[in-house]
Amino acid sequence: MQQVRFASLVALPNAQKLSFPEEIKDAVSKPLEAPSTAWSALVYGNVQDGQLARLDDTMKKMGTLAIATLGSLGVAQMGGSLPLWLGALSWMTAMLIPPFLINGLVYLKTGINLNTRYVNSNGEIHPLFLDPNYLPLQLIPQQKRIQLAKQWGIDPDNADRPLIFHNKLQQIAVQARTWWMLMAGPATPLLAALICDRLEEPFKNWIARLRIKQADTALQALSRHPAAHPDRWKKALEQRINASIGTHTQISVLSRWWQQLPPDLVKTLQLDTLGEKEILSASPSKLCEKIAAHLSQQLRQPKSRHGVLFRVGFEDLLKRQEQKLAHVFQPLQKVFQNPHLPVVTKAELEYRLLFEKRAAEATLQHFKSLLALPIAGVEPDVAQKVLLHQMQHARLSSVVDQMGYESCEKAVQLAGGPKQATLVLESYVKRRFEQAFKTMGASPMESLSQAIRSYGLRKRWMRLYPGMIGKVMIAATLVYVTFFVGKDFEKKGA
């Protein structure tokens, strides 16, 4: 009896459940037909609303990719347009996540898969529950319908059972999709930012390695033609060097090292234990004092277990960073051993390579000098002042000033050691100021203060948006699906 009643729904469309080959065909055909459909609609106005609705999601994706493409047209450097593409892909991915999660929760609650799609008699593909007033129920297996009707408490002897079942499906579809539209606004940018944040670093590292590989391939190909024009050799060698030590705005192996060093230092030096409020609310001078106070407290206790662990962790980090630098520069030394390189080109680029290497090594040397400061057992205030002075004044101007005051010992200390001081002052005396500045490296306080502020801003963003707004949206979705989806709010007998 109940099977007859379920089969008694009239005027059911000639619809079939979407198969996997049809789904692939639909995904491929939509981008191909979108331009012609849009042109016909704009110029002739003879396109039906259903055809335009079918291409809605496709046009959103194509528009997003078009924006990323236009934005990257003027970027010559490989990887320079990476943020645009990551943003586009993250946005499209984020648009898929809220409906997927909400539909999953609805399925667990009601047993209805809102992602079911079908092919109608015209060959058009539609989501089963896109239009609540148009539900081809024959796509739901009869046994499944009987099971759901029993789950929802529909009386099997009720003559209106098929209509009640249809209305319940309609209600669930409307309730779920309404909540999805409410959540899509705040959830999409939040998820897109999180996805992009997680993907940016791995993708930049991958592009840096890819640039190295491409440059090496070009040099190897050129080595098979030793009589090639010197300009070709110079261009190929410049590409190889830029892939390794390009400027900080480029995606190169060395630029990745510069960008990853400060966050590693913040974590190893336990500066991430400073409170978010005291990091972001402090003035630059106060923040420097807080950093110096934190480090002096750790470095003043070399004999305690905590002090030993702190120093060992600090030294291990600096050794690892030196090894990373070796992996950047050692392969370049082999490149310069190529006998076919023009002498002038080789000398010019080796000179540039030398000072990039000195800048990175000097930066590490400044941090090493902090471990050598004689502050063990010194009064806290005195130790903090000594440490603060060393971290702030490890700059070219301070070294030159100390030499002017004939205070060579202080100049050597600020430069990071005798060898480093000699290299800096030689360049300065020869009036090669840019080289002297690079050879001096970055001061520890400059690196740490910028890194700790970036850490504080990121921590606050994570706390307010994913931590607070995200949790509220998840909790609200769980409450809504659990207590509201599928519930009949109409008064009995109304």
Task: Nearest-20 debye value, the chain charge dipole, Cβ charges on Lys, Arg, Asp, Glu - done: 780 debye
- [ ] Could you state the angle between the C-alpha long axis of helix 56-71 and the longest principal axis of the C-alpha atoms of the chain, as a value from 0 to 90 degrees rounded to the nearest 10?
- [x] 20 degrees
Open item on the list: So I have (1) 16, 35, 27, 18, 4, 0; (2) 21, 47, 26, 6, 0; (3) 21, 53, 23, 3, 0, and one of them is P(r) over Cα pairs in 20 Å bins from 0, in percent calculated from this model. Which one is it?
Closed with: (1)
- [ ] Scan the chain and report its longest stretch carrying no GluC sites (Glu not before Pro) that are both in a DSSP loop and have at most 15 other Cβ atoms within 10 Å.
- [x] 125-405
Open item on the list: Looking at the chain, identify the longest residue range that excludes and avoids all trypsin sites (Lys or Arg not before Pro) in DSSP loops having at most 13 other Cβ atoms within 10 Å.
Closed with: 1-223
Task: Neighbour-count ranking [beta-carbon atoms within 10 angstrom, fewest first] of Tyr480, Tyr465 - done: Tyr465, Tyr480
- [ ] Multiply the residue separation of Ser36 and Val429 by 0.36 nm, subtract the distance between their alpha-carbon atoms, and state the gained length in nm to one decimal.
- [x] 134.5 nm
Open item on the list: Quick check on my link table: of Lys204/Lys286; Lys204/Lys346; Lys334/Lys357; Lys60/Lys487; Lys319/Lys438; Lys17/Lys109, which ones sit more than 27 Å apart, alpha carbon to alpha carbon?
Closed with: Lys204/Lys286; Lys204/Lys346; Lys60/Lys487
Task: Gained length - Ser454 relative to Thr422, 0.36 nm times residue gap less alpha-carbon distance - done: 8.1 nm
Task: Contact order relative to length of the chain, as percent, for alpha carbon pairs under 8 angstrom and 6 or more apart - done: 15 percent
Open item on the list: Taking the alpha-carbon distance from Lys459 and a cut-off under 19 Å, which lysines remain once sequence neighbours fewer than 8 residues away in the same chain are dropped?
Closed with: Lys267, Lys277, Lys290, Lys471
Task: Additional length obtainable on full extension of the chain from Arg311 to Arg209, 0.36 nm per residue less Cα span - done: 33.5 nm
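No lab work stands behind these numbers, since they all come straight from the coordinates. Fair warning: this is a prediction, and the values are worked out from it, not measured in the lab. No Cβ is skipped: glycine too gets one built from the backbone with ideal geometry, and neighbour counts run over all protein chains shown.
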